[in-house]
Every structure is written in structure tokens, then in C-alpha cells.
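The values are calculated or read from the model by the stated rules, or taken from the named source; none is laboratory data. Just so you know, these numbers come straight off a predicted model, no measurement behind them. All Cβ positions, glycine included, derive from the backbone under ideal geometry; neighbour counts span all protein chains shown. In case anyone asks, the SASA skips ligands and DNA or RNA and just uses the protein heavy atoms, side chains included. Shrake-Rupley method; radii C 1.70, N 1.55, O 1.52, S 1.80 Å.
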Amino acid sequence: MKEYRKHLTAVLLAIISIAVLAGCISDDGKASGKSDPLKVHIALNGKMGPLVIAKEKGLFNEEFSKLDAQIEWSEFQSGPPLLESLASNRVDLSFLGDGALIAGIDKNLPFEVIAQTGRGESSVRILAQAEGNIKQIEDLKGKTVGVASGTTGHVYLIKALKAHGLTTDDIKLINLQPDDAQAAFETKQLDAWAIWNPYYLNNIEKGNAVALKVKGKILAPGAIIARNGFAKAHPEIVEAYLKVYKKAADWQIENPDEASEIYSKETKLPVSTVKTIITAEKPNIFFTEDAIKAQQESIDTLAGVGYIKKSFNFKNQINNEYIDEAFKK
């Protein structure tokens, strides 16, 4: 009886194996089974930028379908919480402002810089209450200032204070994410607010705020980043990502009215306000000497005030192999 059961079991297993194999064979005798598409985790950092355009216009579909890849989107208000997801392998590709970028490199998080996002000349300002008594940077001494810690707004604030002989020790710094800071600023719980667009221009146009003048020119270049393990395993996806990012950036430059409509729906801001923002500076993904220099100045500034452990050479953090391969002539 035992031998019979063993024989019966063997026969059944053989039948099952044949059935499974038959199901994987097409009419022409070739294997037809396919693996699931590669999941690519792309993070939106805010509600404006070429990635928003690419998502809305479906620009990734053609490039990624060629590579049997499928996007899973996530969204963050700012860079620091995005870094947390990246560190836990929940973000593969995205972009960061200079504050989060520098903090991430300082903490040896697993990403590399694969492109930049322009100079950031028009993106950040320090706002003061329109009817308050703060008229210049020096007036911030002893005042309550909101900023999202570790962001490009934080770096801008440190640089601006330094240019006027102050440090963050001279103010009452409150760490708030943009939406929370907006509510606090509107209810006058904050005397001032270091923030990027579209927040700062929207508040100025509504008459809620004035932008404080800063000595010199403070640039806030952002960077396009890829998670190390993902980039190493899928360089072709990284190259495709850069191609689509540039395509979206170029489309925005050529179609400012339609782009403004898209961003207006995302941000709930007037189309005219959005158009002012996106036409103030053209997006550009290629590394430039002035943007690299500005990033290095930010690194040195943050090291000087103890925000990061020590300064480092930004050029050593750049991996331009992907952008060179994506746009080789």
C-alpha cells in the first residue's frame, strides 16, 4: 500500500508539472509567461516642478513601457521627510532642495547626485508680516521665525542672517513644515517665515507679507537624485528618468500657459501667480559652474554654523555618468 501511494503521488506531481508547463507555453511552443513590471518609486517634492508636469501629461509612459517599468508615486511637502523614505528604500528617484541634499550627504544616506535643477535664484525669500515692524533682516533679532528645518529655506535663512551679521541664535527659530507654517503666519504666530515658492509669492500677492531684502545674491540650486542600489541595478531606468525630466522641463518652457493651468490645479493658486513663478527662471537639469559653486557655498556655510559635521567637496558627490549617457551626441 505504501509503495502504491508513493507511485500515485509521483504520478500526480508529474501531471501537475505538465499542466503548469502547458499553461506557460503559447501556441507556437514558446514560453509565454511574463514577470511583473519593475516598480519604480518616484517622489514628488512639492506641488510644482517638471515631475508634476511629467505625471500629469503621462510623459513617463512611453519611455518606461519600453523598459517594462511601472511608476509608483509618492508626494512630500519638503526634502527632510523624503530623505527618511529614501533611507528605507521607499524612494528610488526624486529631486531635493539644497538643504535636504546637503544634510543627506552629511548623513551618508544612500543616494547620488545625478543632475541639478537650475540656479534657484528666484525660489526662496524671508517673509515678514505686512503690517509688522520688521523692515529689514536686522529687525529679525529676537523675533519668532518659522522654517522647515533642513530645507532650502533653512539654508537661505542661515545665509541671509550671516550676510547681515546675525546667526540663528539671534532669533527664535520654529521648525514647521510649509502648510503648518502658512497657518501660523496667517494667524500672526510667526513674525517672519523663510519659505520657497509658490508660498512666498502667493502671500505677497495676497497682501499678507513683504519680502525682506538681503545683501548680495543667494542662490538655492536643487539636485536630481537616485538611490544608490536602484541606480546601480537599473542604470537604463535612471537615464530614461532624466530624459523624461528634461522633456517635461522643456515642455514647461515652451507652454507656460498650459503649465500654469496644471500647477494652478495642484496648488489652488491663481494661474497668473503660477505663471509669474515658472517664468522667473527656466528649469535646467545640466550641471553648471555657478550652481555647483553656490552648492559648495551652502555646504561651507552649514559646516561653519555646525549644522553639518564638516564641509565636503560637492564635486566629489556628483555622478554625471547617467546624464552623459542619456544625452550623448
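Quick notes on this one:
- Residues within the stretch 35-44 that are surrounded by fewer than 18 Cβ atoms within 10 Å (Cβ to Cβ) and either in contact (Cβ under 8 Å) with a residue 60 or more places away in the chain or part of a strand (DSSP E or B) (or both), tallied: 2
- Looking only at the stretch 128-165, and only at residues there that are open to solvent by less than 20 Å² (accessible area, probe 1.4 Å) and part of a loop (DSSP other than H, G, I, E, B), the one that is farthest from residue 218 (Cα to Cα): 134
- Residue that is least open to solvent (accessible area, probe 1.4 Å), among those in the stretch 304-321 that are under 12 Å from residue 113 (Cβ atoms) and part of a helix (DSSP H, G or I): 314
- Conditions (1) within 14 Å of the chain's Cα centre (by Cα); (2) at negative phi: number failed by residue 105: (1)
- Within the stretch 118-127, considering residues that are at pLDDT below 95 and at negative phi, the one surrounded by the most Cβ atoms within 10 Å (Cβ to Cβ): 124
- Against the conditions (1) open to solvent by less than 70 Å² (accessible area, probe 1.4 Å); (2) more than 22 Å from residue 247 (Cβ to Cβ); (3) modelled with pLDDT of 90 or more, residue 301 satisfies every one except (3).
- Near pairs, Cβ below 6 angstrom, 6+ apart or cross-chain, from the stretch 167-183 (within 14 Å of residue 155 (Cα to Cα)) to any residue that is polar (S, T, N, Q) and buried (at least 16 other Cβ atoms within 10 Å of the Cβ): 175/149
- Qualifying positions in the stretch 263-295 - of a type in the set (Val, Ile, Thr) and more than 18 Å from the chain's Cα centre (by Cα): 271, 273, 274, 276, 279, 288
- Those strands (runs of 3 or more DSSP E) lying entirely in the stretch 175-278 with at least 3 residues touching a Gly at 6+ places or on another chain (Cβ under 7 Å) and either crowded, with 22+ Cβ neighbours inside 10 Å or of a type in the set (Ser, Thr, Tyr) (or both): 192-196
- Residue that is of a type in the set (A, V, I, L, M, F, W, C) and under 18 Å from the mean Cα position of the chain (by Cα), where the choices are 209, 192, 130, 223: 223
- Odd one out for residue 271, checked against (1) among the hydrophobic types (A, V, I, L, M, F, W, C); (2) in contact (Cβ under 8 Å) with a residue 40 or more places away in the chain; (3) farther than 20 Å from residue 60 by Cα: (2)
- Condition check for residue 324 on (1) in a helix (DSSP H, G or I); (2) buried (at least 16 other Cβ atoms within 10 Å of the Cβ): one failure, at (2).
- Where a residue in the stretch 231-248 is among the acidic types (Asp, Glu) and its partner, wherever it lies, is open to solvent by 10 Å² or more (accessible area, probe 1.4 Å), with Cβ under 8 Å and at least six apart: 236/67; 239/322; 239/325; 239/326
- Subset of the stretch 279-298 [in contact with a strand residue (DSSP E or B) (Cβ under 8 Å, 6 or more places away or on another chain), open to solvent by 50 Å² or more (accessible area, probe 1.4 Å) and either part of a helix (DSSP H, G or I) or not aromatic (Phe, Trp, Tyr) (or both)]: 284
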